[in-house]
């Protein structure tokens, strides 16, 4: 079989989880040859070097969030460009953050690069439908590629340390999508349960707000661990008894399957997250995940119920890891990506 040669190029973000899962899977195959060109700033973009690389390849891949790189790359190549935006800047800034005055410019920041490229990748079917309907893109131009997991980093073989407390874990950026405020409200409801600890990893725009709320309510059952390097996340996740997904109130929350949920599942953890159509594209409620109404009361109640049912925790966590192992490892994601390219 003839090798497909693909150049991954972008101003950073080639080390982002989505890209690492894909590269990890492709590098294990004999039918792909990977080239990588990462530039730190546009003024340092080496057009001569890029031109040499792009002559060698069949496709150009542009990583998540790099909408503004498309114009430059498109000008320098005639090869098909695959753009993996992962987000819509319009959706994120206008609907997630409520910056409605930015709507026109953010819309065009999506619309223009989406129409310049040859293939757009979406992580869920719902995301595909959103891209197509909102930005007038033919559906056959948008291909669904789940995030999946690099199982060399995240797997269910990590030893779990025995803790004296029941540890509820979360990692992520403190942005509206994540709904960390719902987690804190649940912690307030459970503040008298001294054997339950919420451990939150990460930071972001709402970090200080969350920190102040913890201080205001004198919560001793919440630990903010701050940022943890990507390579250390598996060790931290291994310590959790239950893992928390996302609880945001925006449309974006309802159509994605975030990185953390993939990682928790691969590590055999029982996950609690908001009941959304996006999550249900991959997971099945009460079989390999716990889906709840998006409220602090629902979260607090299900934590108390699960704390008394370790068999259910273990069963759901095991089935989550089996789901990943059977369908969503880096090998599966590379296979889906290969099919996308060979069927163009």
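The values are calculated or read from the model by the stated rules, or taken from the named source; none is laboratory data. Everything quoted here is computed from the prediction, not taken from an experiment. For neighbour counting, all protein chains shown are included, and Cβ atoms are generated from backbone atoms with ideal geometry for every residue, glycine included.
What about residue 134, is it closer than 19 Å to residue 336 by Cβ, modelled with pLDDT of 95 or more and either buried (at least 20 other Cβ atoms within 10 Å of the Cβ) or in contact with a helix residue (DSSP H, G or I) (Cβ under 9 Å, 6 or more places away or on another chain) (or both)?
Taking the combined requirement at face value, the residue does not satisfy it.
Scan the stretch 204-216 for residues that are more than 16 Å from the chain's Cα centre (by Cα), surrounded by 14 or more Cβ atoms within 10 Å (Cβ to Cβ) and assigned to a loop (DSSP other than H, G, I, E, B) and jot them down.
206
Checking residue 191 against (1) under 30 Å from residue 339 (Cα atoms); (2) surrounded by 14 or more Cβ atoms within 10 Å (Cβ to Cβ), which test does it fail?
(1)
Please give the number of the condition residue 232 fails out of (1) closer than 23 Å to residue 16 by Cα; (2) in contact (Cβ under 8 Å) with a residue 12 or more places away in the chain; (3) in a helix (DSSP H, G or I).
Result: residue 232 passes all but (2).
Can you find a residue in the stretch 322-343 that is under 28 Å from residue 84 (Cβ atoms), modelled with pLDDT under 95 and more than 16 Å from the chain's Cα centre (by Cα)?
yes
Quick one: how many residues across the stretch 222-249 are surrounded by fewer than 23 Cβ atoms within 10 Å (Cβ to Cβ), touching a helix residue (DSSP H, G or I) at 6+ places or on another chain (Cβ under 9 Å) and farther than 20 Å from residue 203 by Cβ?
2
Report the residue count in the stretch 1-16 for those that are modelled with pLDDT of 95 or more and buried (at least 17 other Cβ atoms within 10 Å of the Cβ).
Residues meeting the conditions: 5.
Being modelled with pLDDT of 95 or more and farther than 15 Å from residue 8 by Cβ is the filter here; which residues of the stretch 52-70 pass it?
Within the stretch 52-70, 52, 55, 67 qualify.
Which condition number does residue 261 fail, the rest of (1) crowded, with 16+ Cβ neighbours inside 10 Å; (2) part of a loop (DSSP other than H, G, I, E, B) being met?
(2)
Among the residues of the stretch 22-36, is there at least one that is part of a strand (DSSP E or B), touching a strand residue (DSSP E or B) at 6+ places or on another chain (Cβ under 9 Å) and in contact (Cβ under 8 Å) with a residue 40 or more places away in the chain?
So far as the stretch 22-36 goes, yes, one or more of its residues are part of a strand (DSSP E or B), touching a strand residue (DSSP E or B) at 6+ places or on another chain (Cβ under 9 Å) and in contact (Cβ under 8 Å) with a residue 40 or more places away in the chain.
Does the stretch 272-305 hold any residues that are closer than 15 Å to residue 241 by Cα, surrounded by fewer than 22 Cβ atoms within 10 Å (Cβ to Cβ) and touching a strand residue (DSSP E or B) at 6+ places or on another chain (Cβ under 6 Å), and which are they?
Of everything in the stretch 272-305, just one residue is closer than 15 Å to residue 241 by Cα, surrounded by fewer than 22 Cβ atoms within 10 Å (Cβ to Cβ) and touching a strand residue (DSSP E or B) at 6+ places or on another chain (Cβ under 6 Å), namely 302.
What single numbered condition from (1) outside any helix (DSSP H, G or I); (2) free of Cβ contacts under 8 Å to residues at least 60 places away in the same chain; (3) under 20 Å from the mean Cα position of the chain (by Cα) fails to hold for residue 287?
Of the numbered conditions (1) outside any helix (DSSP H, G or I); (2) free of Cβ contacts under 8 Å to residues at least 60 places away in the same chain; (3) under 20 Å from the mean Cα position of the chain (by Cα), the odd one out for residue 287 is (3).
Inspect the stretch 309-324 for any residue being in contact with a strand residue (DSSP E or B) (Cβ under 7 Å, 6 or more places away or on another chain), more than 15 Å from residue 267 (Cβ to Cβ) and part of a helix (DSSP H, G or I) and give the result as yes or no.
no
Scan the stretch 29-61 for residues that are under 25 Å from the mean Cα position of the chain (by Cα) and surrounded by fewer than 11 Cβ atoms within 10 Å (Cβ to Cβ) and jot them down.
Hits for the stretch 29-61 are 40, 41.
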